[in-house]
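What follows is a single structure, written as structure tokens, with notes after it.
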Amino acid sequence: MPRRLGVPLAVLLVVAGLFGVGIGLGKANGFSLAELFRGPGKAPPGEFPVLGPSRPLRIQIPDIRVKAYIHGVGLDDRGAIDTPSLLLRNEAGWFDDGPSPGQYGPAIIVGHVDTKDRPGVFHRLNELKPGAKIEITRRDNRITVFEVNTVERFSKEKLPVDRIYHDFSRPGLRLITCGGRWVGGELGYADNIVVFASLISARKA
Amino acid sequence: MKVRFGSFFMFRGGVGERMPGSPGFGGGGYRFGGIMRSALRVAAGVTALVVAALTAPSPAHAEGVFVEVNPSTIQAGFQVAIRASCGDALNNAKVHSEAFGTVTVEPVNSYLIAAATVPEGKKAGGYNVKLTCPSRQTATTTLWVVNHDSPEHGPNTGGGALADDGATLIGGGAAVVGLGLGLLVLMRRRGRSPLTPA
């Protein structure tokens with residue numbers, strides 16, 4: 001092989017290889033590129049409508065092509081919000097002891113990032129950016145429109161409980177799925193991805 | 001007792017909810033000349049007065065008598081702010097609800113204001129909140145109480161299909177680096193040797 005070709009090729013291989021190792025190490029530690037390019041958070045609005053209680057039926061997030069049915073979930077034995085059965089990987093679960101989307105307080109909606117062999121309804125949740133719109137259709141035939149404020153990742157054992165579950169200052173929405181490092185066992189993934197969003201408008205379906 | 005964000009001061013900012021009985025006028029939009037306009041206004045005013053006198057409003061929905069709670073949905077154990085008016089805001093009035101009992105609202109900045117705490121064990125549901133003015137006029141609103149144990153852990157929302165421990169990338173990357181380094185060494189050796197043509 002001629003030297004003037006061989007040396008650059010060797011350098012290229014070294015650089016590409018180091019890049020591969022870097023990404024691999026990142027994956028092993030739950031690092032994600034989406035988090036790097038997400039941009040700053042978007043402040044919630046000063047004015048917003050307020051609605052009464054009504055069950056959410058469907059959720060739509062155009063930016064990450066989510067269109068799914070919602071059913072009610074409660075708490076499981078270990079005091080975490082229950083999740084939809086793995087068989088319903090394309091459905092989301094609304095924590096039905098909490099506020100409805102549109103009421104004051106945080107409406108909690110959980111969904112799978114994946115099952116044992118396939119991606120789940122919220123597998124692209126991590127790619128959402130501040131400012132993205134989330135539409136939720138309620139049983140009273142109203143569509144509530146939420147805007148993403150921030151997308152954050154927390155260890156499952158160190159969730160900021162107050163910020164996620166106890167902010168009754170406005171009608172809010174929390175979308176929760178799994179993320180971070182895979183540890184397996186009971187826990188599955190080590191972290192939760194939480195999308196914080198606020199109601200900006202409501203309209204008739 | 002836990003006090004939450006949404007309380008008192010949110011009020012003043014005029015957050016979303018239009019309160020019943022708050023002056024929502026200001027629209028209008030007709031533009032006439034000076035005298036004509038004031039004449040019309042007077043006429044409209046008189047008509048309104050007559051209509052008001054004739055229809056004799058029921059006490060429950062009297063003009064300017066209202067009560068509201070903020071936030072209108074609250075977790076049991078937390079506090080809400082109450083704002084009310086009896087048309088004027090000169091005297092104390094009573095606000096009663098199954099959710100928090102009876103509290104006295106007091107005049108502050110042209111509204112009647114108080115705070116009330118929903119006890120920790122209160123059952124979830126909608127509760128009537130009733131204002132009774134000294135004039136015996138009343139107004140009502142609804143306070144929604146939610147009551148649940150706070151989830152302390154995150155939900156298990158994954159099965160592992162997308163999990164990637166990076167082993168392939170680390171291994172593959174390392175192999176490629178090795179290959180590159182090997183090639184470099186080879187090139188250097190060749191370059192030194194006078195026998196091999198460059």
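Have a look at A:Val14, A:Val50 and point out the one that is farther than 25 Å from A:Glu157 by Cβ, touching a Gly at 6+ places or on another chain (Cβ under 7 Å) and in a helix (DSSP H, G or I).
A:Val14
Being open to solvent by 10 Å² or more (accessible area, probe 1.4 Å) and either more than 12 Å from chain B (Cβ to nearest Cβ) or in contact with a His (Cβ under 8 Å, 6 or more places away or on another chain) (or both): is that true of A:Arg142 here?
So A:Arg142 passes the test.
Inside the range A:97-116, can you point out the residues that are within 9 Å of another protein chain (Cβ to nearest Cβ), out of contact with any Cys (no Cβ under 6 Å at 6 or more places or on another chain) and part of a loop (DSSP other than H, G, I, E, B)?
A:Asp97, A:Gly98, A:Pro99, A:Ser100, A:Tyr104, A:Gly111, A:His112, A:Thr115, A:Lys116
Please determine, by comparing only the residues of the range B:93-128 that are aliphatic (A, V, I, L, M), touching a residue at least 24 places away in the same chain (Cβ under 8 Å) and in a strand (DSSP E or B), which one is farthest from A:His166 (Cα to Cα).
For the range B:93-128, the residue satisfying everything is B:Ala93.
I'm trying to understand the selection: among the residues of the range A:19-43, which are crowded, with 19+ Cβ neighbours inside 10 Å and either closer than 19 Å to A:Pro99 by Cα or out of contact with any Lys or Arg (no Cβ under 9 Å at 6 or more places or on another chain) (or both)?
Of everything in the range A:19-43, those that are crowded, with 19+ Cβ neighbours inside 10 Å and either closer than 19 Å to A:Pro99 by Cα or out of contact with any Lys or Arg (no Cβ under 9 Å at 6 or more places or on another chain) (or both) turn out to be A:Gly20, A:Val21, A:Gly24.
Kindly establish whether A:Pro119 is of a type outside the set (Val, Ile, Thr), open to solvent by 30 Å² or more (accessible area, probe 1.4 Å), more than 12 Å from the chain's Cα centre (by Cα) and within 7 Å of chain B (Cβ to nearest Cβ).
When the stated conditions are applied, A:Pro119 passes them.
Between residues in the range B:138-163 that are modelled with pLDDT of 85 or more and residues that are open to solvent by 40 Å² or more (accessible area, probe 1.4 Å) and polar (S, T, N, Q), which pairs lie under 6 Å by C-beta distance while being six or more apart or on different chains?
B:Thr138/B:Thr132; B:Thr140/B:Asn128
Taking A:Ser85 as the residue in question, decide whether it is more than 7 Å from chain B (Cβ to nearest Cβ), surrounded by fewer than 18 Cβ atoms within 10 Å (Cβ to Cβ) and of a type in the set (Ser, Thr, Tyr).
yes
What single numbered condition from (1) more than 7 Å from chain B (Cβ to nearest Cβ); (2) open to solvent by 80 Å² or more (accessible area, probe 1.4 Å) fails to hold for A:Glu47?
(1) is the only condition that A:Glu47 fails.
In the range B:158-175, which residues are out of contact with any Asp or Glu (no Cβ under 9 Å at 6 or more places or on another chain) and crowded, with 17+ Cβ neighbours inside 10 Å?
Those that are out of contact with any Asp or Glu (no Cβ under 9 Å at 6 or more places or on another chain) and crowded, with 17+ Cβ neighbours inside 10 Å: B:Gly166, B:Leu169, B:Ile170, B:Gly173.
Among A:Val183, A:Val194, which is open to solvent by 10 Å² or more (accessible area, probe 1.4 Å), facing another protein chain (nearest Cβ under 10 Å) and among the β-branched types (Val, Ile, Thr)?
Answer to the selection: A:Val183.
Which of the residues that make up the range B:176-195 are more than 7 Å from chain A (Cβ to nearest Cβ) and either open to solvent by less than 70 Å² (accessible area, probe 1.4 Å) or touching a residue at least 12 places away in the same chain (Cβ under 8 Å) (or both)?
Correct list: B:Gly178, B:Gly182, B:Ser193.
Where residues in the range B:129-143 are outside any strand (DSSP E or B) and out of contact with any helix residue (DSSP H, G or I) (no Cβ under 6 Å at 6 or more places or on another chain), which of them is most open to solvent (accessible area, probe 1.4 Å)?
B:Arg136
Among the residues in the range A:53-68, are any open to solvent by 20 Å² or more (accessible area, probe 1.4 Å), within 7 Å of another protein chain (Cβ to nearest Cβ), in contact with a Phe, Trp or Tyr (Cβ under 8 Å, 6 or more places away or on another chain) and at negative phi?
Among the residues of the range A:53-68, at least one is open to solvent by 20 Å² or more (accessible area, probe 1.4 Å), within 7 Å of another protein chain (Cβ to nearest Cβ), in contact with a Phe, Trp or Tyr (Cβ under 8 Å, 6 or more places away or on another chain) and at negative phi, which makes the answer yes.
The values are calculated or read from the model by the stated rules, or taken from the named source; none is laboratory data. Just so we're clear, the structure is a prediction, and the values are computed from it rather than from any experiment. Here Cβ is always computed from backbone atoms with ideal geometry, including for glycine, and neighbour counts include all displayed protein chains. Just so you know, the surface numbers come from the protein's heavy atoms only, side chains and all, with ligands and any DNA or RNA stripped out. Shrake-Rupley method; radii C 1.70, N 1.55, O 1.52, S 1.80 Å.
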